[in-house]
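This report concerns only the one structure given below.
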Amino acid sequence: MSTVKKTKTTGKKPVKAPKASAAKAGKAAISNTAAENPSVADNGQTPGVRRRDFIHIATVSFAGVGAAAVAMPLVSQMSASADVLALASIEVDVAAIQPGQSIKTSWRKQPVFIRNLTPAEVEEANKVDVGALRDPQTLADRTKPGKENWLITLGVCTHLGCVPLGAAAGEVKGEYGGYFCPCHGSHYDTAARIRKGPAPTNLVVPEFAFISDTVVKIG
Ligand code: FES
């Protein structure tokens, strides 16, 4: 059975919509825009070109501002602050430190031990079989020529960073007469070399130099 629908005609001719191409519609849109913005139309340039130029210039301008805004913090970060520069090196007069005494000072926010070894402590350090050490170094490797009695190290255990005992009067010096770290039981000898316990290396000797007979510059 056919299911064709019948369309009811009215007898009037259908009204055709006016044909307008897309290009014409575009022109109309542009000319409308130009009409709304006379300054664009008056100089005889295509509005689209003007708009692109503006976008390009605006983008460059904002990029410039953005680069400057980013550069400023970087420059300020790169310039070291005065307190950091002040800590880059320190000078310590060690004249008052007697043989067998130590002092604690601070350099770059780390504790530093300065120790005036007794002749017995120097001898004790020098008679060790260096080849048997976990971190083989002689006392001479860790001090300056002619000043082997001045042992200068960071006061930071090389295991996990505790501050060892032994620099202050009355503190435990450990089984080898140097320093003892109570955190996990590391023992350092009179040259601050690791001898027992979990610390992997000797106490670190920072960069230093004697700038006079009694003044040492660290850093
Ligand atoms: S931090 Fe010194 S022994 Fe662990």
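Can residue 168 be described as within 18 Å of residue 103 (Cβ to Cβ), away from the ligand (no atom under 16 Å from the Cβ), touching a helix residue (DSSP H, G or I) at 6+ places or on another chain (Cβ under 9 Å) and in a loop (DSSP other than H, G, I, E, B)?
Values: within 18 Å of residue 103 (Cβ to Cβ): yes; away from the ligand (no atom under 16 Å from the Cβ): yes; touching a helix residue (DSSP H, G or I) at 6+ places or on another chain (Cβ under 9 Å): no; in a loop (DSSP other than H, G, I, E, B): yes.
It is false that residue 168 is within 18 Å of residue 103 (Cβ to Cβ), away from the ligand (no atom under 16 Å from the Cβ), touching a helix residue (DSSP H, G or I) at 6+ places or on another chain (Cβ under 9 Å) and in a loop (DSSP other than H, G, I, E, B).
Restricting to the stretch 184-204, name every residue that is polar (S, T, N, Q) and within 12 Å of the ligand (Cβ to nearest atom). First the steps, then the outcome.
From the stretch 184-204, those polar (S, T, N, Q) are 186, 190, 201-202; that's our starting set.
Once the filter is applied, which keeps residues that are polar (S, T, N, Q) and within 12 Å of the ligand (Cβ to nearest atom), the stretch 184-204 yields 186, 201.
Could you identify the single residue in 192, 167 that is in the same structural domain as residue 90 (by TED's automatic domain parsing), of a type in the set (A, V, I, L, M), under 30 Å from the mean Cα position of the chain (by Cα) and at pLDDT 95 or above? Lay out the reasoning, then the answer.
Values: 167 fails: under 30 Å from the mean Cα position of the chain (by Cα).
Exactly one residue qualifies, and that residue is 192.
Please tell me if residue 152 is within 16 Å of the ligand (Cβ to nearest atom) and in contact (Cβ under 8 Å) with a residue 60 or more places away in the chain. Quick ask: steps written out before the conclusion?
Details: within 16 Å of the ligand (Cβ to nearest atom): no; in contact (Cβ under 8 Å) with a residue 60 or more places away in the chain: yes.
In short, no.
Can you tell me which residue within the stretch 155-165, out of those that are within 8 Å of the ligand (Cβ to nearest atom) and hydrophobic (A, V, I, L, M, F, W, C), is farthest from residue 211 (Cα to Cα)?
Step one: list which residues in the stretch 155-165 are within 8 Å of the ligand (Cβ to nearest atom), which gives 157-162, 164.
Then drop every residue that is not hydrophobic (A, V, I, L, M, F, W, C), which leaves 157, 160, 162.
Numbers: 157: 28, 160: 33, 162: 30 Å.
Selected residue: 160.
Please find, within the stretch 174-183, the residue that is farthest from residue 129 (Cα to Cα) out of those that are surrounded by fewer than 24 Cβ atoms within 10 Å (Cβ to Cβ) and more than 10 Å from the ligand (Cβ to nearest atom).
At the first step, the residues of the stretch 174-183 found to be surrounded by fewer than 24 Cβ atoms within 10 Å (Cβ to Cβ) are 174-177, 180, 182-183.
Those still in the list that are more than 10 Å from the ligand (Cβ to nearest atom) too: 174-177.
Details: 174: 19, 175: 17, 176: 14, 177: 16 Å.
Once the filter is applied, the top-ranked residue is 174.
For the stretch 88-136, give me each residue that is without any contact (Cβ under 8 Å) to a residue 40 or more places away in the chain and assigned to a loop (DSSP other than H, G, I, E, B).
96, 97, 98, 100, 109, 118, 127, 129, 136 - these are the residues of the stretch 88-136 that are without any contact (Cβ under 8 Å) to a residue 40 or more places away in the chain and assigned to a loop (DSSP other than H, G, I, E, B).
Inspect the stretch 134-141 for any residue being in contact with a Ser or Thr (Cβ under 6 Å, 6 or more places away or on another chain), assigned by TED's automatic domain parsing to the domain that holds residue 106, surrounded by 14 or more Cβ atoms within 10 Å (Cβ to Cβ) and under 20 Å from residue 92 (Cα atoms) and give the result as yes or no. Don't jump to the end; show me each part of the working.
The first filter runs over the stretch 134-141 and keeps only residues in contact with a Ser or Thr (Cβ under 6 Å, 6 or more places away or on another chain), leaving 135.
With the extra rule that they be assigned by TED's automatic domain parsing to the domain that holds residue 106, the set shrinks to 135.
Within this subset, residues satisfying the condition of being surrounded by 14 or more Cβ atoms within 10 Å (Cβ to Cβ) are 135.
Among the residues that remain, those that are also under 20 Å from residue 92 (Cα atoms) are: none.
Checking the stretch 134-141: not a single residue is in contact with a Ser or Thr (Cβ under 6 Å, 6 or more places away or on another chain), assigned by TED's automatic domain parsing to the domain that holds residue 106, surrounded by 14 or more Cβ atoms within 10 Å (Cβ to Cβ) and under 20 Å from residue 92 (Cα atoms).
The values are calculated or read from the model by the stated rules, or taken from the named source; none is laboratory data. Quantities reported herein were computed from a predicted structural model and do not represent experimental measurements. Backbone-built Cβ (ideal geometry, glycine too); neighbour counts: all protein chains shown.
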